[in-house]
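A.B. asks: Structure below; questions to follow.
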Amino acid sequence: MADNIDKSLAQAPQGLEELAMGQPDLSIEIENPESVTLDDGSMEITIVPGKEDNDEFNDNLAEDMDEGQLTELSGDLIGEYDADISSRKDWLTTYVDGLELLGLKVEDRTEPWPGACNVYHPLMTEALVKFQAETMMETFPAAGPVKTLVVGKQTKEKEDAAERVKDDMNYQLTDMMPEYRPEHERMLWGLGLAGNAFKKVYYDPSLERQVSMYVPAEDIVVPYGASSLETAERVTHVMRKTKNELHKLQVAGFYRDVDLGEPFLDVDEAEKKIAEKLGFNPTEDDRYKILEMHVNLDLENGDSEDGIALPYVVTIEKGTGTILAIRRNWNPDDKLKAKRQHFVHYGYIPGFGFYCFGLIHLIGAFAKSGTMILRQLVDAGTLANLPGGLKSRGLRIKGDDTPIAPGEWRDVDVPSGAVRDNILPLPYKEPSQVLNQLMNQIIEEGRRFASAADMKVSDMSANSPVGTTLAILERTLKVMSAVQARIYYAMKQEFKLLKGIIRDYTPKEYSYEPEVGDRRAKQSDYDNVDVIPVSDPNAATMSQKVVQYQAVMQMAQQYPQIYDLPELNKQMLEVLGIKNIGKLIPSADDQKPKDPVSENMAIINGKPVKAFIYQDHQAHIQVHMAAMQDPKIMQIVGQNPQAQTIQAAAMAHINEHIAFEYRKQMEEQLGVPLPNPDETLPEDVELELSRLTAAAAQKLLAKDQAEVQQQQIQQQQQDPLIQMQQQELAIKQQEVQIKAQKTMADIQIDQAKLELEKLKIDSNERVAGAKLGADAEKEKNKIEAHQLLEGVRLGMQSSGTKKETQPTEE
């Protein structure tokens, strides 16, 4: 920590070391240090910069610079300022010349004759007033211009903090800053007119609060080639201060106490023309002209170690060129030393350079042409009604310098002849219809181009679809919607600057009692909340918002199950500007815990109810189901036209308790509490939890099934009819058993008969086999005997033959 302490810029006095030699050791005691004892027993001491360090950072650096340096720096900066003025000359000339078209200064014309028509066509003023009125109602409603957005995860605590921040910011802008609304209206007027307007946001020590002041476009000088205030090399704020105001700042130490003499009249041509066209006399301005220049400089004061120019605010009195103050323009704790922003740029239509185009640049030519033609038409009508002409020199009319009044007759002295012979009227024509049509066309084109034309509602049918109406609105309001989006962006930047000042400079507690939460939680509330304008950048007017919500309403009627109808109706009422919406449409999220009887009463009366995770859900379910099954209650509720809605609300509330009871039983099976239902889980945690809950769900299912089965058994045992049925079933079972036993005996007898028959068949088969064997043997013996006899007979025949042949041979 000691390494972070900056070394002194000045060297120690010589001889200090010798003076310290021989002196006893000194003990240094730090009173009330911010210390932390570490694990190893050592102590870390943090030295917090005090008020003296901040005061040194915010010192006026010009007090320590010599006059030569200040004079040289002043000359360079004023030269750069003059160059910036020249770079925006064309834009400024168009703006200054167009101021005359507003017709704010009434003067008598002497051309083409004294008393000629001096009217200006109100095209420019009409478009400007409409833009200011519509934008003011959109960006600054009665409830306040700020709404909040929770940064990061949505929680109940953050939502309550966002509500407190919204209330506090709107309270600051509407009550504590009474100048904010008038300054905002002036800003919108200048924005529409010049195309540029600026807000300067800063903390005013004299008022001890934040301030947001409107600065006209002509008083903010930026190089024309710059793209934005954040990246501009120079931003110069031209201010006018009286001698007394400047002296007060010098006495307070904000400016150097130097003698500036009397105020020097320094008015350029643009300022003269602006003052003349608005009816002011610029020569009577006896104020000092102060240039507050936000520039990057490389001062030789040790701020920049590498020669890089750092942001400073240099204040110069233009008449004498005296530098009154030089101050650092970055946060003390910012290591990058980035430029702090004090200005917010509002733009109408972006152009080629830094400065945007306004209505003067866009429709100035239309307004000028319309004014010229309108004057011609009026002058033509004047000449046609009161024509002039030629008369003879001797003709005399009594009182001829004044027009003749209606019904008046005057004496005429005619030198000779008739009166008609002495007068020749010039041939003046009536106002031209062609010229009138041309003027109307020019004005209509100008209105259409400026998005100031009235929408032709008569062309739209009352039965036409909402989508068609919305398409017509978007086509008509497309340019204005883009302008509103730019205003929304600039207001968001302004609110961020105001939020930072309110958080840092105001007390830690609210100056009023917040409706929700602790009144001392102010700074912590601002750290978790982002502030944005209440206006909608996607819809320029209330009618466009209403049509958009009507389209959503039609879709919700077709698919009501996927829409949050109470929230949709609440947003619709907010668009319409209805107050106390929470009382008109109570939200279930705003409900407090109630006993089950009070919940039944709220459901019957059509009021929202909500179940909470810690309640006894089984008890609530029993009470709700008992009420729904009560015949008297159901008979009375059934006569209500909203009976179906009441029953649906009751079932929905019972389902909430059922869901919480299921969650409770799952936690009992797991043995650990489950995460918050609205909590976003990491992927690995969700996967592991899914596996654990799958096993727990099976256990819960088996448990519930066993319990249901046991309940069914107990109910059956207690029912007399079921008991009689069980006895009859037992008797029938006994009869079935007797029949089965008898059948088994019959089967055994049949089997014995079959065995006996089998034995009989086997015996017969053996007898038949023996008989067949004897017959075969007998037949065999018979065959063998026959063969033997046949052999004997053949042998005898053979021996007889031999005896007959022997005597012959002899």
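The values are calculated or read from the model by the stated rules, or taken from the named source; none is laboratory data. Since we're looking at a predicted model, the values are computed, not measured. No Cβ is skipped: glycine too gets one built from the backbone with ideal geometry, and neighbour counts run over all protein chains shown. Heads up: the accessible areas ignore ligands, DNA and RNA and are worked out on the full protein's heavy atoms, side chains in. Shrake-Rupley method; radii C 1.70, N 1.55, O 1.52, S 1.80 Å.
A.B. asks: Can you give me the number of residues within region 280-298 that are part of a loop (DSSP other than H, G, I, E, B) and farther than 19 Å from Ala232 by Cα?
C.D. replies: The total comes to 5.
A.B. asks: When you check Tyr214 against the structure, is it open to solvent by 60 Å² or more (accessible area, probe 1.4 Å), touching a residue at least 24 places away in the same chain (Cβ under 8 Å) and in a strand (DSSP E or B), yes or no?
C.D. replies: no
A.B. asks: Given the options Gln737, Gln698, Gln718, name the one that is under 30 Å from Tyr662 (Cα atoms) and at pLDDT 80 or above.
C.D. replies: Gln698
A.B. asks: Of the residues Glu515, Glu567, Glu574, which single one is more than 30 Å from Gln132 (Cβ to Cβ), at pLDDT below 80 and open to solvent by 60 Å² or more (accessible area, probe 1.4 Å)?
C.D. replies: Sole residue among the options that is more than 30 Å from Gln132 (Cβ to Cβ), at pLDDT below 80 and open to solvent by 60 Å² or more (accessible area, probe 1.4 Å): Glu515.
A.B. asks: Of the numbered conditions (1) touching a strand residue (DSSP E or B) at 6+ places or on another chain (Cβ under 9 Å); (2) exposed (fewer than 15 other Cβ atoms within 10 Å of the Cβ); (3) basic (Lys, Arg), Lys289 fails exactly one; give the number of that condition.
C.D. replies: (2) is the only condition that Lys289 fails.
A.B. asks: Quick one: which residue in Leu99, Leu173, Leu92, Leu128 is closer than 30 Å to Gly446 by Cα, at pLDDT 90 or above and open to solvent by less than 40 Å² (accessible area, probe 1.4 Å)?
C.D. replies: Within the list Leu99, Leu173, Leu92, Leu128, the selection yields Leu128.
A.B. asks: Whether any residue in region 316-329 is touching a strand residue (DSSP E or B) at 6+ places or on another chain (Cβ under 7 Å), open to solvent by less than 40 Å² (accessible area, probe 1.4 Å), within 23 Å of Glu494 (Cβ to Cβ) and in a loop (DSSP other than H, G, I, E, B) is what I want to check.
C.D. replies: yes
A.B. asks: Does at least one position in region 459-476 carry a residue that is in contact with a helix residue (DSSP H, G or I) (Cβ under 7 Å, 6 or more places away or on another chain), among the polar types (S, T, N, Q), at pLDDT 80 or above and surrounded by 10 or more Cβ atoms within 10 Å (Cβ to Cβ)?
C.D. replies: Taking region 459-476 as the starting set, the residues that turn out to be in contact with a helix residue (DSSP H, G or I) (Cβ under 7 Å, 6 or more places away or on another chain) are 460, 466-467, 469-470, 473.
Okay, now just the ones that are also among the polar types (S, T, N, Q), so 469.
Now restrict to residues that are at pLDDT 80 or above: none.
No, there is no match, as no residue in region 459-476 is in contact with a helix residue (DSSP H, G or I) (Cβ under 7 Å, 6 or more places away or on another chain), among the polar types (S, T, N, Q), at pLDDT 80 or above and surrounded by 10 or more Cβ atoms within 10 Å (Cβ to Cβ).
A.B. asks: For region 553-575, give me each residue that is within 14 Å of Pro586 (Cα to Cα) and in contact with a Phe, Trp or Tyr (Cβ under 8 Å, 6 or more places away or on another chain).
C.D. replies: Leu568, Gln571
A.B. asks: Restricting to region 656-686, give me the number of residues that are of a type in the set (A, V, I, L, M), touching a helix residue (DSSP H, G or I) at 6+ places or on another chain (Cβ under 9 Å) and in a helix (DSSP H, G or I).
C.D. replies: Here the count works out to 4.
A.B. asks: Next question. Looking at (1) within 27 Å of Leu568 (Cβ to Cβ); (2) more than 31 Å from the chain's Cα centre (by Cα); (3) open to solvent by less than 70 Å² (accessible area, probe 1.4 Å), which is the only condition Gln615 fails?
C.D. replies: If we test Gln615 against (1) within 27 Å of Leu568 (Cβ to Cβ); (2) more than 31 Å from the chain's Cα centre (by Cα); (3) open to solvent by less than 70 Å² (accessible area, probe 1.4 Å), just (1) comes out false.
Residues are listed down the side, and each one gets a yes or a no for (1) surrounded by 12 or more Cβ atoms within 10 Å (Cβ to Cβ); (2) in contact with a Lys or Arg (Cβ under 9 Å, 6 or more places away or on another chain):
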position	(1), (2)
His620	yes, no
Asn640	yes, no
Ala643	yes, no
Glu656	yes, yes
Leu670	yes, no
Pro673	no, no
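A.B. asks: I would also like to ask the following. Could you list all residues from region 405-418 that are at pLDDT 75 or above and either among the aromatic types (Phe, Trp, Tyr) or outside any loop (DSSP other than H, G, I, E, B) (or both)?
C.D. replies: Val412, Asp413
A.B. asks: Here is a further query. Is there a residue being among the hydroxyl-bearing types (Ser, Thr, Tyr) and touching a residue at least 40 places away in the same chain (Cβ under 8 Å) anywhere in region 75-91?
C.D. replies: Yes, there is a match, as at least one residue in region 75-91 is among the hydroxyl-bearing types (Ser, Thr, Tyr) and touching a residue at least 40 places away in the same chain (Cβ under 8 Å).
A.B. asks: I would also like to ask the following. Exposed (fewer than 13 other Cβ atoms within 10 Å of the Cβ) and of a type outside the set (Gly, Ala, Ser): is that true of Asp298 in this structure?
C.D. replies: Answer is no for this residue.
A.B. asks: Going by what's in this entry, would Arg240 be described as without any contact (Cβ under 8 Å) to a residue 60 or more places away in the chain, open to solvent by 80 Å² or more (accessible area, probe 1.4 Å) and either in contact with a Pro (Cβ under 9 Å, 6 or more places away or on another chain) or in a strand (DSSP E or B) (or both)?
C.D. replies: The answer is no for Arg240.
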